[in-house]
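Engineer: Quick one: the structure is below, questions incoming.
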Amino acid sequence: MNSEKIGTRVRKYREQKSLTVSELASRTGLDEAFLEAVEEHNVYPSLGPLLKIARALGLRLGTFLDDQEVGDPLIVRVGERKEELSMLKGKDKPVTLRFHSLGRGKGDRHMEPFYIEILPESARDKKLSAHEGEEFIVVLSGEVEVIYGQETHVLKAGDSIYYNSVVPHYVSSIGSRKAEIYAVLYFPE
């Protein structure tokens, strides 16, 4: 990703649409203070809020992740993968997830594929989120807890889960070691 942070991109697109932070908060249902933290302090929201911001601005989620377009087919070699963003719980809070986009640059994509490192800190504050679309996860290493509505599922290496993301959900690692997953997210237009 180029040096432009997600918060900077959110502000740029919000200003292009001539929206105030208050108006964006109203359109997304997100708290104004949260949106200001995203823009001013580069607090990276989880994918649910980031998707709400993208939708409110008439953009696709990948707009916040891409810095250039590439042609078909898109191949990402394991040694060339770069951490695209890290999810924080808030300003001055620990990183909980590290996302490596596997679709970066494919401008016409309908899915968002990621390799994700889920750090042990992810299990500290389990706040469920919901958004339109579907998610498919395959666990590569470690143990993963998926809270899906009222259900809790434990997944180990090789296990997978596919669910509708309109149901409140949360994904975290179990234990003191990080977990690694591949995740493909689909967001309808």
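Engineer: For the cross-link pairs Lys12/Lys178; Lys17/Lys126; Lys12/Lys127; Lys106/Lys126; Lys12/Lys156; Lys12/Lys82, which exceed 30 Å when the distance is taken from alpha carbon to alpha carbon?
Structural biologist: Lys12/Lys178; Lys17/Lys126; Lys106/Lys126; Lys12/Lys156
Engineer: Right, here's the next one. Using only Cα atoms and rounding to the nearest 10 degrees, what angle (0 to 90) does helix 6-16 make with the longest principal axis of the chain?
Structural biologist: Value to nearest ten degrees: 30.
Engineer: Apply the Karplus parameterisation 6.51 cos²θ - 1.76 cosθ + 1.60, with θ equal to phi minus 60°, to every residue of region 121-126 and state each ³J(HN,Hα) to the nearest whole Hz, in sequence, with x for glycine and proline.
Structural biologist: Going residue by residue, I get 4, 5, 7, 6, 10, 8 Hz, with x marking Gly and Pro.
Engineer: How high is the FRET efficiency from Glu32 to Val167, r the C-beta distance, R0 30 Å, rounded to 0.05?
Structural biologist: In this case the efficiency is close to 0.65.
Engineer: What are the ³J(HN,Hα) couplings of region 129-135, residue after residue, when phi is run through the Karplus curve with 6.51, -1.76, 1.60 and θ = phi - 60°? Round to Hz, x for glycine and proline.
Structural biologist: Each residue of region 129-135 in turn: 9, 9, 7, 5, x, 9, 9 Hz.
Engineer: Could you work out what % of the accessible surface of the chain is carbon and sulfur, using a 1.4 angstrom probe and leaving DNA, RNA and ligands out of the count?
Structural biologist: The C+S portion of the solvent-accessible surface of the chain is 48 percent.
Engineer: List the extent of the Cα atoms of region 111-189 along each of their three principal axes, largest first, rounded to whole Å.
Structural biologist: Per principal axis, max minus min of the Cα coordinates gives 38, 23, 18 Å.
Engineer: By how many nm would the segment from Glu80 to Glu15 grow when fully extended, if each residue of separation counts as 0.36 nm and the alpha-carbon distance is taken off?
Structural biologist: The Glu80-Glu15 span can extend by a further 20.1 nm.
Engineer: So what is the calculated 222 nm ellipticity per residue for the chain, using -39500 (n - 2.57) for each DSSP H run with n of 4 or more, over all residues, to the nearest 500 deg cm²/dmol?
Structural biologist: -6000 deg cm²/dmol
Engineer: What's the magnitude of the charge dipole for the chain around its Cα centre, counting Lys and Arg as +1 and Asp and Glu as -1 at the beta-carbon? Answer in Debye, nearest 20.
Structural biologist: 240 debye
Engineer: Quick check: convex hull over the Cα atoms of the chain, volume per residue in Å³, rounded to an integer?
Structural biologist: Measuring per residue, one finds 121 Å³ for the Cα hull of the chain.
The values are calculated or read from the model by the stated rules, or taken from the named source; none is laboratory data. Fair warning: this is a prediction, and the values are worked out from it, not measured in the lab. No Cβ is skipped: glycine too gets one built from the backbone with ideal geometry, and neighbour counts run over all protein chains shown. Heads up: the accessible areas ignore ligands, DNA and RNA and are worked out on the full protein's heavy atoms, side chains in. Shrake-Rupley method; radii C 1.70, N 1.55, O 1.52, S 1.80 Å.
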